[in-house]
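Read-outs throughout are calculated quantities, based only on the coordinates presented, and are distinct from any laboratory measurement. Everything numeric here is computed off the predicted structure, so don't read it as measured data. Cβ coordinates were reconstructed from backbone atoms using ideal geometry, including for glycine residues, and neighbour counts include every protein chain displayed.
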Amino acid sequence: MRKIDSVAVLGTGTMGLGIAALAANKGKKVLFLDMASDGDDRNAIAAKSLELMQNIRPPALDDPENVKYIEIGNFDDDLEKIKDYDWICEAIVEDVNIKREFFKKVEPLRADGSIIATNTSGIPLRDIAEGMPERFRKDLAVTHFFNPVNIMKLMELVPCDDTDPEVIDALAEFCSTVLGKGVVHAKDTVNFIGNRIGCFFMLSGLHKSLAAAKKDGLSQEAVDTLMSRPVGLPGTGLFGLIDLIGLDIMDFVGKNLDTNLPTDDIGRAFTKFPAAEQAMLDSGQLGRKTGGGFYKMIKHEDGSKTKQTFGLGKGEWRAFKQIELSEEHSSLETLLFADTPEGRFAWDLMGGTLCYAADLVPQIADDIVNIDNAMKWGFGWRKGPFEMLDTVGPQRVIDHLKQESKDIPAMLMVLMNANADTFYRNEGSEYLGRDGDYAAV
Ligand code: NAI
């Protein structure tokens, strides 16, 4: 088994900062490099990030003293120092050509037996590995952390075709046991697990909520109220979540999906924004980082605040409306099958997302447990998609799909053919495998 006891974090931006702090908090030796600056201080970029690490809120360091484990530097003067590090963790800008050129410089400098990983959120690993030396491809993996690194539990671990299993074992062990992350094993498919399903929810949500607004007058506040507590998702719901992420990032993700989704993937229908969101993107109304997206807070002179909603129909700001839900719309079991505008919308979006997830085994993960964990640890869902299906009753979902003459997703077919009632049994200690047999979680 390979041993990891030190980490070279290459790229000191948002993610590099988080990963370096996480390792330093565990007393691990960290090398922290970024591009060289032109001015007197060649390490200015890494130094600024290290300063931010000590002041950022919520804090990245458990104890300010932990900076002592981190040595800063720059790619031009200090890259050869990576020879003394076990795990070389790249967290530079998301651009396949820049990453590949960078890895060509890194590869000859690292020690035999060291592990090399990229924190890419969406570039297929095979595109990074292609044509690279065999040693590089054997020692390569994706270690996809989520932002903020110290708060989000999820780390998706992805091998390429040539990755040595020892590399995956060592990263899984170190990231779970030492760094305390929830490690999920994903495959080298576009956006891996969390973002594949999470982005389907968000991008299809923009289109489906537009349809519900046109047909039934469902407001954005109603959409967010339904897509939070009743379905077990965080309080930001749909539009609030996109405000947090930023429409520019969603646009980037949509374009990546458009390039890399399988040709028959139903998510292809939603990779482009509806006209209203495209207009928001074009005008720079991106979300919280630009002072408002779908929502904004107005501060008054007396210190009080009021919330406003950007009504998509008229393209105008208006007062935020608080929504009270009826009992029927307050829990997943009843909401999903309610014959009301709210129920039909929830079935369309949340039901659609659950069915999407149920069709992605074995494409994106070998089993349902990795998918459930990814959504709970990366997106803060109270239950994973398969746990939610169990809550509402998989048979009810199958019946509903049949009524609508829709295809039955792969894992629901497995369940049907196995004559099983639920994806988990024995209090969640066993799960339904794709062969139709139950296995221990
Ligand atoms: P960032 O923009 O905060 O930092 C990127 C770093 O790359 C900067 O410090 C910059 O100096 C450096 N850089 C820029 N151009 C470069 C070049 N030509 N050569 C070498 N270094 C260069 O980016 P962030 O957000 O930290 O992302 C890093 C990686 O992590 C990306 O692959 C991103 O997709 C991924 N990621 C980002 C998440 C996020 O929420 N920010 C979440 C999960 C993954």
Can you tell me how much longer the chain between ASP248 and GLU430 gets when fully stretched, taken as 0.36 nm per residue apart minus their C-alpha distance, in nm with one decimal? 61.5 nm
Taking neighbour counts of Cβ atoms within 10 Å as a proxy for exposure, in what order, fewest first, do GLU107, GLU51 appear? GLU51, GLU107
Could you tell me the relative contact order of the stretch 189-296? Use alpha-carbon pairs under 8 Å, at least six residues apart, and round to a whole percent. 29
Once the mean 1/r over all distinct Cα pairs of the stretch 194-328 is inverted, what Kirkwood radius in angstroms do you read off? 15.6
Label-point separation (nm) for ASP216 and ALA410, each offset 7 Å from Cα along Cα-to-Cβ? 3.1
Beyond 39 Å, what share of the Cα-Cα pairs of the chain is found? Please give it as a whole percent. 25
Quick one: Kirkwood hydrodynamic radius for the stretch 6-185, alpha-carbon pairs, angstrom, one decimal? 16.1
Based on other C-beta atoms within 10 Å, arrange LYS272, LYS321 from fewest to most. LYS321, LYS272
Under 20 Å Cα-Cα from LYS272, which lysines qualify once same-chain neighbours fewer than 8 residues away are excluded? LYS208, LYS214, LYS255
Hey, with R₀ at 25 Å, roughly what FRET efficiency would LYS153 and ASP282 work out to, going by the Cβ-Cβ distance, to 0.05? 0.10
For helix 247-260, what angle does its Cα long axis make with the longest principal axis of the chain, in degrees from 0 to 90 and rounded to 10? 90
In nm, to one decimal, how far is the ASP76 label point from the ASN419 one, both placed 7 Å along Cα→Cβ? 7.2
7 Å from Cα along Cα→Cβ at both LYS305 and ARG318: what's the point-to-point distance in nm? 2.3
Could you work out the helix-only [θ] at 222 nm for the chain, with each DSSP H run of four or more residues adding -39,500 (n - 2.57) and the total divided by the number of residues, to the nearest 500 deg cm²/dmol? -11000 deg cm²/dmol
